[in-house]
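The values are calculated or read from the model by the stated rules, or taken from the named source; none is laboratory data. Fair warning: this is a prediction, and the values are worked out from it, not measured in the lab. As a convention, Cβ positions derive from the backbone with ideal geometry for all residues, glycine included, and neighbour counts pool all protein chains shown. Surface areas here come from the heavy atoms of the whole protein model, side chains and all, with no ligands, DNA or RNA. Shrake-Rupley method; radii C 1.70, N 1.55, O 1.52, S 1.80 Å.
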2 protein chains.
Amino acid sequence: MNESSPVTEISDAESIEPNDRPWERLEELADAGDAEALSAYLDSLSVGDQALALSRTDEAHHQTVLTTLSVEDAAELLRHLSESQAADLVDSLPAEDAAAIVQEMPSDEQADLLGDLDADQVSAILQALPNAEAEAVRELTAYSDDVAGGLLVREILRFDRSTKVADVINTLSENADEFRDYDVQYAYLTDENNRLVGVLPMRNLLFARRNDPVADIMIAEPLSLRDITPLDDLIDFFDTHHFLGVPVVDAEGKLLGVVHRNAVDYEATRAAENDFLKSQGIIGGEELRTMPLFLRARRRLSWLSINILLNIGAAAVIAIYQDTLEKVIALAVFLPIISDMSGCSGNQAVAVSMRELSLGLVRPTEMVRVWLKEVSVGLINGAALGLLVAIVAIVWNGNPYLGLVVGVALFFNTLIAVSIGGTVPLLLKRFGFDPAVASGPLLTTVTDMCGFFLVLGLATAMLNRLL
Amino acid sequence: MNESSPVTEISDAESIEPNDRPWERLEELADAGDAEALSAYLDSLSVGDQALALSRTDEAHHQTVLTTLSVEDAAELLRHLSESQAADLVDSLPAEDAAAIVQEMPSDEQADLLGDLDADQVSAILQALPNAEAEAVRELTAYSDDVAGGLLVREILRFDRSTKVADVINTLSENADEFRDYDVQYAYLTDENNRLVGVLPMRNLLFARRNDPVADIMIAEPLSLRDITPLDDLIDFFDTHHFLGVPVVDAEGKLLGVVHRNAVDYEATRAAENDFLKSQGIIGGEELRTMPLFLRARRRLSWLSINILLNIGAAAVIAIYQDTLEKVIALAVFLPIISDMSGCSGNQAVAVSMRELSLGLVRPTEMVRVWLKEVSVGLINGAALGLLVAIVAIVWNGNPYLGLVVGVALFFNTLIAVSIGGTVPLLLKRFGFDPAVASGPLLTTVTDMCGFFLVLGLATAMLNRLL
């Protein structure tokens, strides 16, 4: 509905492609300062288009959009965006406005957001928050994302154990609006020291006498976890227990909040995905193309420059055998093939080991078992690939010994690649390293070196047959 | 607690490493046929150790374990395992036993499991199930995993809209045991044709008059989705709406079940993870090292054999320039470096494009925008990498023109790699292909070819300077 463009589309087509450039309409509405129209327009966009429109407006408009909206709508908008985009937007806001929006978010999302902001902005926001709120936020952000304390929500239904059934029902009924966004399957009961003593399934209220204390219908001695419980144990807990959430307590048994299954699932899959990207050396933080150019270039380059040094190290093997290569130049055609194929076989083995480690199907000490399993696959696949490359070499070059050299080299290098690829993640894990982060680069450097050494070493030994 | 080993460990050490080889104890208990002891032992194991123990026992014992356990416990055990391991176990069971266990599972997990079984076992299980149950399972498995129909649970609280509040409360109270595993925040109300007419938040029951029909306190005209809603739309729905679940209806508006946010999150992240593995050409189904050797070898080889053909194609460029290479053998040292580094830069661009596509931050038509963003990063990183490799070449070889050739080649090939890596996923998506599946291999083949061509073509043009 651009003013300059006549409305000629039929309404059906419009509903499919309502606005080709939603950021223009967004800026227009933000400039007009009409909170209601702006909110209605954002609601009409899909989540993807909201993110798109915001990513294409400039920083001044980010601020106008977020401050024109009501704080509730602004908070709602931010939670739909990816974490990096949300942090980017909030970083550009005045601390007062940012604090007002942060106050509207559930506590686990507050912690996530503040963890992604610039340190200066975080302290400015904490200053702008009311003291009690700032204290609570500070406590939450003290936990990292991969322990229970970093994933919990504080917004739970919490009653003293002496509360009467009727009073609980009245509180619920009077505050229905406030509780709408809560997870209201359970209430949590505490003693006078705020220690968790029971869990109350809300449906138990249906069958209870109204004058009894809720302690009579609670589940006593409920399962709970410490705030410092690591993510792996949380995953195990929700795998074993069919709960939607679990209460979290501090060292003194005081109730801090609840960790929901959702939050654990999300962190678990995000960790798995990041692990894999890391193992391939691809990640350098979450890049979006709207970030500043030099930041993007620097992040990518940090990994590329390590990789090129490793590559140069491997290529040094070729330099040692220059004389052989000069005499049998056909070998040069096969060096990149051997290098790439071995890297590929090795990465398959890395992927299987990482998966089996994460499923608990293999222990870090079972190196021999994994090695035997990998060698058996390596024998078959190495033979198949070696034979194929040998045939190609013979057909192209005519010299059967060239085929023999490259085929045998690829066979043995496939064995080496799967052996390293399969066992290195176990070894790294066993000695306390992140198996994801180093497997990929380590693997390709070593298999490149071995591959070049095998091809050129074999060729040197058989040089008179190859000439 | 192996009978042959004296109990000498102190209890503390035992609780840390309760049994080094849990599969031996598992086989022992299964052979003894004591369901209770077996169930208790499995409960004492972590989820990882359950999976490990089962993966290390033979097929005969799989069967003994699953049939010795009660069907409830067997179903519970299976749902903790990875899908491929669970399917493997159920495939080895007699159809009667398998059917009894399947009947105990929630409907979305039934559908998942049956989708992973052998076709023969599926039809045998369907025959062994009661007719009504078999029909329902058949309906569910007709949907694929990535539409609402394949993700829904049928186990929901469902009442006719004329039911009285008091009757709903009585039903809940009488069947409390059966409903324990249900998601009981909402009940769903249908008309006489089983069409969805309303949603009843259970807490509304707390404040309702017992003789009113539930229709009086329901949310009328609730949001619902069709059974054929694709995963992408489900993700959008839960991004936009703060619900734990959404009712799903067929073409006639009949209520089929509920899709939970959990199930959508799980499928979404699994899809994202698989996409990435696919884009790197690593996946060939979910491999576990307990699978038969030839299956594992074949799956890995299917991808490796495509890749080696692509590699040979790229290497053919080297063959064309053999004469140049023979004269300036030092170039051979740099060919694998150029190939590997360009692949790496290109994969970074692929990863960013896939991420931006999945977040909706870029549209498949915005090729030029992405290309400009990539070229600007490529100019910086290509210059840095090119300079580095040029310096290495000059220091090692002494000929500044060798440095010029490899540096310029790497500079331009980095530009080519990020341009292709950034835009190919958009292009594939635009023309209806899965952007994940082909980006990686396509990219490396083309960048290898271009890289070899650039190095050797430049060297040929400057041959007299290089000699």
Legend entry - Label point at residue A:430 placed 7 Å out along Cα→Cβ; residues across the stretch A:365-405 whose backbone nitrogen lies under 11 Å: A:365-371
Legend entry - In sequence order, calculated HN-Hα J values of the stretch B:358-369 (Karplus, 6.51, -1.76, 1.60; Hz; x Gly/Pro): 6, 8, x, 7, 9, 9, x, 7, 8, 4, 5, 4
Legend entry - Span from the the stretch A:311-325 Cα centroid across to the the stretch A:332-357 one, whole angstrom: 20 Å
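With a 1.4 Å probe and every protein chain left in place, work out the accessible area per residue of the stretch A:11-142 in Å², rounded to a whole number.
Values: 5870 Å² over 132 residues.
Here the per-residue accessible area is 45 Å².
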Inset, instruction - Hey, can you find the accessible area per residue of the stretch B:293-466 for me, probe 1.4 Å, expressed in square angstrom? - result: 37 Å²
Legend entry - Nearest-ten-degree value, helix A:59-68 long axis tilted from longest Cα axis of chain A: 30 degrees
Legend entry - Solvent-accessible surface (1.4 angstrom probe) belonging to residue B:450, in square angstrom, nearest 10: 40 Å²
Inset, instruction - Taking a label point 7 Å out from Cα toward Cβ, give me the nm distances from residue B:434 to the same spot in the other copies, shortest first, one decimal. - result: 2.8
Inset, instruction - Determine the distance separating the Cα centre of the stretch B:207-255 from the Cα centre of the stretch A:31-56; give it in Å without decimals. - result: 26 Å
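Evaluate the relative contact order of the stretch A:293-466 (contact order divided by residue number), counting alpha-carbon pairs under 8 angstrom at least 6 apart; express in whole percent. Write out the running numbers ahead of the final one.
Details: 211 pairs, mean separation 63.9, N = 174.
Across the stretch A:293-466, relative contact order equals 37 percent.
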Legend entry - Whichever aspartates and glutamates have a C-alpha closer than 20 Å to that of residue A:327, once near sequence neighbours (fewer than 8 apart) are set aside: B:323, B:326
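Roughly how big is the A-B contact, given as buried accessible area in Å² (both sides, 1.4 Å probe, nearest 100)? Don't skip to the end; give the middle numbers.
On the way: alone 25510 and 25510 Å², together 40890 Å².
Result for this pair: about 10100 Å² buried.
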Inset, instruction - Please give the length that would be gained between residue B:387 and residue B:467 if that part of the chain were fully extended, namely 0.36 nm times their separation in residues minus their C-alpha to C-alpha distance (nm, one decimal). - result: 26.6 nm
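Could you calculate the FRET efficiency of residue A:379 with residue B:327 from 1/(1 + (r/R0)^6), where r is the beta carbon distance between them and R0 is 51 Å, rounded to 0.05? Don't jump to the answer; show the numbers that get you there.
Numbers: r = 40 Å, r/R0 = 0.78.
Computed FRET efficiency for residue A:379 and residue B:327 comes out at 0.80.
Figure the gain on full extension for residue A:118 and residue A:173 (residue separation times 0.36 nm, minus the Cα-Cα span) and round it to one decimal in nm. Can you show the working numbers first?
On the way: separation 55, 0.36 × 55 = 19.80 nm, distance 4.11 nm.
Roughly 15.7 nm would be gained on extension.
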Legend entry - Number of partner chain Cβ atoms within 10 Å, mean per residue of B:310-322: 5
Inset, instruction - For the stretch A:298-307, just list the computed ³J(HN,Hα) in residue order, Karplus coefficients 6.51, -1.76 and 1.60, θ = phi - 60°, integers in Hz, with x standing in for Gly and Pro. - result: 5, 4, 5, 5, 4, 7, 4, 6, 5, 5
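Kindly rank B:407-413, B:29-35 from highest to lowest mean number of other beta carbons found within 10 Å of each residue. Please report the intermediate quantities before stating the final value.
On the way: B:407-413: 23.7, B:29-35: 15.9.
Top of the packing list down: B:407-413, B:29-35.
Provide a whole-number value for the mean count of partner chain Cβ atoms within 10 Å of the Cβ atoms in peptide A:259-269.
On the way: counts 0, 2, 3, 5, 0, 0, 5, 2, 0, 1, 7.
Rounded to a whole number, the mean comes out at 2.
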Inset, instruction - Using just the helices of chain A, give the 222 nm mean residue ellipticity in deg cm²/dmol: DSSP H runs with n ≥ 4 each add -39,500 (n - 2.57), and the total is spread over all residues, rounded to 500. - result: -21000 deg cm²/dmol
Legend entry - Pseudo-label separations to other copies for residue A:83 - Cα-to-Cβ vector, 7 Å, nm: 2.5
Inset, instruction - Could you point to the residue in A:319, A:305, A:456 farthest towards the positive end of the stretch A:293-466's charge dipole, with +1 and -1 charges on the Cβ of Lys/Arg and Asp/Glu respectively? - result: A:305
Legend entry - Residue-averaged beta-carbon neighbours from other chains (10 angstrom radius) around B:197-205: 3
Inset, instruction - Just need the relative contact order of chain B here, percent rounded to a whole number, with Cα pairs under 8 Å and 6+ apart. - result: 11 percent
Legend entry - Other-chain or far-sequence residues with amide H under 5 Å of residue A:256's (modelled H): A:248, A:249, A:250
Inset, instruction - Sort out for me the Cα centre separation of the stretch B:70-94 from the stretch A:391-453, rounded to whole Å. - result: 37 Å
Legend entry - Proximal aspartates and glutamates relative to residue B:373, as straight alpha-carbon distance under 14 Å, when same-chain residues fewer than 8 apart are discounted: A:287, B:356
Inset, instruction - Using R₀ = 22 Å, calculate the FRET efficiency as 1/(1 + (r/R₀)^6) where r is the Cβ-Cβ separation of residue A:191 and residue A:134; round to 0.05. - result: 0.20
Legend entry - Sequence of B:243, B:433 from largest to smallest accessible area, 1.4 Å probe: B:433, B:243
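Run the accessible area of chain B with a 1.4 Å probe and give the carbon-and-sulfur part as a rounded percent. Let's see the in-between values first.
Details: 11110 of 20440 Å².
The value for chain B is 54 percent carbon and sulfur by accessible area.
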Inset, instruction - Between copies, how far apart are the residue A:290 label points? List them in nm, one decimal, shortest first, with each point 7 Å from Cα toward Cβ, please? - result: 4.7
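Apply 1/(1 + (r/R0)^6) to the Cβ-Cβ distance of residue A:316 and residue A:408, taking R0 = 22 Å, and write down the FRET efficiency to the nearest 0.05. Don't skip to the end; give the middle numbers.
On the way: r = 23 Å, r/R0 = 1.03.
The value I calculate is 0.45.
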